[in-house]
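Novice: Right, I'll just put the structure down here and ask away after.
The values are calculated or read from the model by the stated rules, or taken from the named source; none is laboratory data. Just so we're clear, the structure is a prediction, and the values are computed from it rather than from any experiment. We place every Cβ from the backbone using ideal geometry, glycine too, and count neighbours over all the protein chains shown.
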Amino acid sequence: MKIKTSAPGKLIILGEHAAVYGFPCIVLASDKRIYVEVEEFNGGSDIILAPGVKDIRFVKKTINLFRHKYSVTKKVRIKTYSDFSSTLGLGSSSAATVATIKALCKFYIIPLKKIDVFNLGYKTVLGIQKVGSGADIAASVFEGLIFYAKKGKLIKKLKNNQLPIITAYSGVKADTSELIFYVNKKYKNKKNHVEKIFKKIAELVVAGKKFIEREDFVNAGKIMTENHLLLKDLGVSNSKLDGLVSASLRAGAWGAKLSGAGGGDCMIALVSEPKRNAVNRAIVDGGGQIL
Ligand code: MEV
């Protein structure tokens, strides 16, 4: 019998990097998903085919941790499929991790609560990346729009999960772990400065949550742009992302920022329906790729 499950990728709306230090962030599960198929395999070791996953270790580590925790031994054949490219920085590793846990739960008939899936998924990510807030795992598990803080001790689903955003790929591939370590080095060398930035980001996240809940997108947009400027100050933006953010704002977006680790990957713009086409065009003219 073949079992199929899936989990979504993510977009960080506000609060990236500060979230790694326990500060709050807002994360949105994307409509693009990773699918996992699992069936029994009567061989000596598992077969894992993960073409859409950037790093197969996430699937392997998930299986090992799951087996260890739940004392199950049956070998499996696992195959992953993806709605989106693993090079975009949209959380494909976390989505693959969560979809694999869900598939194993079904396969071994071990019903897990969402929080248990989150804990196991976060443990997998930390086992491989060593660092991370866990926000992307939370988005993959709980879906929708999430207020996330204290590395998972606070996970709150927001009522509103319909954000009028445009997502675009900057065309530059970034390495999340490298950027997290870059910020960590800066945190150690210039603790006061970086902590001030994190605190300001945290204030924006809390204010942004209120505006998003009230669907006050004019002010939510302003908050996003301010968050981008703080990330720029932190040193994780680049000229391509700054250019796409400026182009979006000139074309009438309510707000825009990089989304995720920075250094490339994706940016988002919050836009009204009448401005959507103009902002799309401005991003494409600036060299971005609308997703
Ligand atoms: C990456 O998508 C977001 C970061 O805040 C890392 C994390 O939250 O684990 C940079």
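Novice: From the list Val183, Val205, Val194, exactly one residue is part of a helix (DSSP H, G or I), touching a Lys or Arg at 6+ places or on another chain (Cβ under 6 Å) and surrounded by 20 or more Cβ atoms within 10 Å (Cβ to Cβ). Which is it?
Specialist: Step by step, each of Val183, Val205, Val194 is checked, and only Val194 is part of a helix (DSSP H, G or I), touching a Lys or Arg at 6+ places or on another chain (Cβ under 6 Å) and surrounded by 20 or more Cβ atoms within 10 Å (Cβ to Cβ).
Novice: Are any of the residues in segment 156-163 within 16 Å of the ligand (Cβ to nearest atom) and hydrophobic (A, V, I, L, M, F, W, C)?
Specialist: no
Novice: Does Ile155 fit the bill of being without any contact (Cβ under 8 Å) to a residue 60 or more places away in the chain and not in a helix (DSSP H, G or I)?
Specialist: The answer is yes for Ile155.
Novice: Consider only pairs whose beta carbons are under 9 Å apart and that are at least six residues apart or on different chains; among these, list those whose first residue lies in segment 158-170 and is under 14 Å from Ala282 (Cα atoms) and whose second residue is among the basic types (Lys, Arg) and surrounded by 13 or more Cβ atoms within 10 Å (Cβ to Cβ).
Specialist: That search, which allows pairs on different chains as well, returns Ile166/Arg276; Ser170/Lys240.
Residue-by-condition table, conditions (1) within 12 Å of the ligand (Cβ to nearest atom); (2) small (Gly, Ala, Ser); (3) under 16 Å from Ala269 (Cα atoms); (4) out of contact with any strand residue (DSSP E or B) (no Cβ under 9 Å at 6 or more places or on another chain):
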site	(1), (2), (3), (4)
Ala7	no, yes, no, no
Tyr21	yes, no, no, yes
Val27	yes, no, yes, no
Lys32	no, no, no, no
Val38	no, no, no, no
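Novice: Could I ask something else about it? Looking at segment 127-146, which of the residues that are of a type outside the set (Gly, Ala, Ser), surrounded by 15 or more Cβ atoms within 10 Å (Cβ to Cβ) and within 14 Å of the ligand (Cβ to nearest atom) is farthest from the chain's Cα centre (by Cα)?
Specialist: The qualifying residue farthest from the chain's Cα centre (by Cα) is Ile128.
Novice: Cβ-Cβ distance below 7 Å, separation of 6 or more or different chains: which pairs start in segment 237-256 with a residue that is over 20 Å from Gly15 (Cβ atoms) and end on one that is hydrophobic (A, V, I, L, M, F, W, C) and at pLDDT below 95?
Specialist: If the second residue must be hydrophobic (A, V, I, L, M, F, W, C) and at pLDDT below 95, the pairs left are Lys240/Val172.
Novice: From the set of residues in segment 108-126 that are more than 19 Å from Arg57 (Cα to Cα) and part of a helix (DSSP H, G or I), which is farthest from the chain's Cα centre (by Cα)?
Specialist: Only one residue fits best here, namely Asp116.
Novice: Return yes when Ile212 is in contact with a strand residue (DSSP E or B) (Cβ under 8 Å, 6 or more places away or on another chain), within 16 Å of the ligand (Cβ to nearest atom), closer than 29 Å to Lys157 by Cα and of a type in the set (A, V, I, L, M) and no when it is not.
Specialist: no
Novice: If you go through segment 258-285 one residue at a time, how many are assigned to a loop (DSSP other than H, G, I, E, B), buried (at least 22 other Cβ atoms within 10 Å of the Cβ) and away from the ligand (no atom under 16 Å from the Cβ)?
Specialist: 1
Every residue, every condition in (1) surrounded by fewer than 18 Cβ atoms within 10 Å (Cβ to Cβ); (2) among the aliphatic types (A, V, I, L, M); (3) under 14 Å from the mean Cα position of the chain (by Cα); (4) within 24 Å of Ile146 (Cβ to Cβ), yes or no:
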position	(1), (2), (3), (4)
Lys4	yes, no, no, no
Lys54	yes, no, no, yes
Tyr70	yes, no, no, no
Thr73	yes, no, no, no
Val76	no, yes, no, no
